[in-house]
């Protein structure tokens, strides 16, 4: 089942579901967040609850997408209660580009390759004990979450704005602090790779950017082998077009291991919060030497996730270059 949301003509949120090609409005005024919190409280599956609510009129998702009315598949009304986070070096082949960016002059093993090797050796535990912890990063709150089809902003001070096609897990935290996975969605994690390349310790700065998720959310388990594509389109032509693969068959960590090492922190188990956690990638146009420009369209797709995720890069105009001054009360 695929779920999505759009903004109605009256400003409300309409939940949409589809199991095949035809999308239908779910007979409810609840958003997916509200429905997910209800299901968590009642220990009811989303699929069963949607079946109880029933389906209404047919919905043309492509038209809504073109009209700019699609929303992220799940978010909190208060953006401060949505966490955007992710993990890196989790996919087979993801370490080579990173290692080249931070290659040591003496050709010693880079920290990136070391962490990748740890994942290969211990990222897929078979017992009850957790595996090795992955690289982890913070992107921001829900203020940085961009809807499918909306411009993806890059700040004027950024040195680069490049796509990172990923799968994101989307979660709500129940009243007792238990994390519940609502489903999985396509994500453009979007980073400043030039800033990161200057020094690995700038990784945290490079990740503090907007990101886009959706437009549809896959309910259930993540397919083992996800095969899709990532494109950068300029003036109607694809100037970058590469396979995008994910799923545990293409990863050095299990999804469960990545989830454990995020939600083991009590701060991430606060009732009512939303978490959008991105699982990493091995495909970057930056690795080919491409520098994305204002107006370039990022398109990420995989058949299991329904409609592609599309966003145009929007580079903010140069602002006052004076440093920020904090005022004293």
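Assorted remarks:
- Residues that are in contact (Cβ under 8 Å) with a residue 24 or more places away in the chain and either loosely packed, with under 10 Cβ neighbours inside 10 Å or in a loop (DSSP other than H, G, I, E, B) (or both), drawn from segment 305-329: 306, 307, 308, 316, 317, 318, 319
- When restricted to residues that are part of a strand (DSSP E or B), in contact (Cβ under 8 Å) with a residue 40 or more places away in the chain and either within 17 Å of residue 184 (Cα to Cα) or over 24 Å from the mean Cα position of the chain (by Cα) (or both), segment 1-48 contains 6.
- Test: residue in segment 229-249 that is in the same structural domain as residue 110 (by TED's automatic domain parsing), touching a residue at least 12 places away in the same chain (Cβ under 8 Å) and within 25 Å of residue 31 (Cβ to Cβ): no
- Annotation note: of 53, 61, 71, the sole residue that is touching a residue at least 60 places away in the same chain (Cβ under 8 Å) and either more than 23 Å from the chain's Cα centre (by Cα) or more than 21 Å from residue 181 (Cβ to Cβ) (or both) is 61.
- Within segment 212-221, considering residues that are modelled with pLDDT of 95 or more and over 20 Å from residue 69 (Cβ atoms), the one surrounded by the most Cβ atoms within 10 Å (Cβ to Cβ): 218
- Residues satisfying the criterion are absent from segment 223-231 (criterion: crowded, with 19+ Cβ neighbours inside 10 Å, at pLDDT 95 or above and closer than 30 Å to residue 176 by Cβ).
- Those residues of segment 241-251 which are touching a strand residue (DSSP E or B) at 6+ places or on another chain (Cβ under 7 Å) and either exposed (fewer than 14 other Cβ atoms within 10 Å of the Cβ) or not in a strand (DSSP E or B) (or both), in sequence order: 241, 243, 247, 250
- Selection status of residue 140, surrounded by 15 or more Cβ atoms within 10 Å (Cβ to Cβ) and assigned by TED's automatic domain parsing to the domain that holds residue 207: yes
- Set side by side, the residues 179, 155, 125 differ, and just one is touching a helix residue (DSSP H, G or I) at 6+ places or on another chain (Cβ under 9 Å) and at pLDDT below 95, which is 125.
- Residue 277 vs. criteria closer than 22 Å to residue 191 by Cα, part of a helix (DSSP H, G or I) and at pLDDT 95 or above: no
The values are calculated or read from the model by the stated rules, or taken from the named source; none is laboratory data. The shown structure was predicted, so the numbers you read here are calculated from the model rather than taken from an experiment. Cβ: placed from backbone, ideal geometry, glycine included. Neighbour counts: every protein chain shown.
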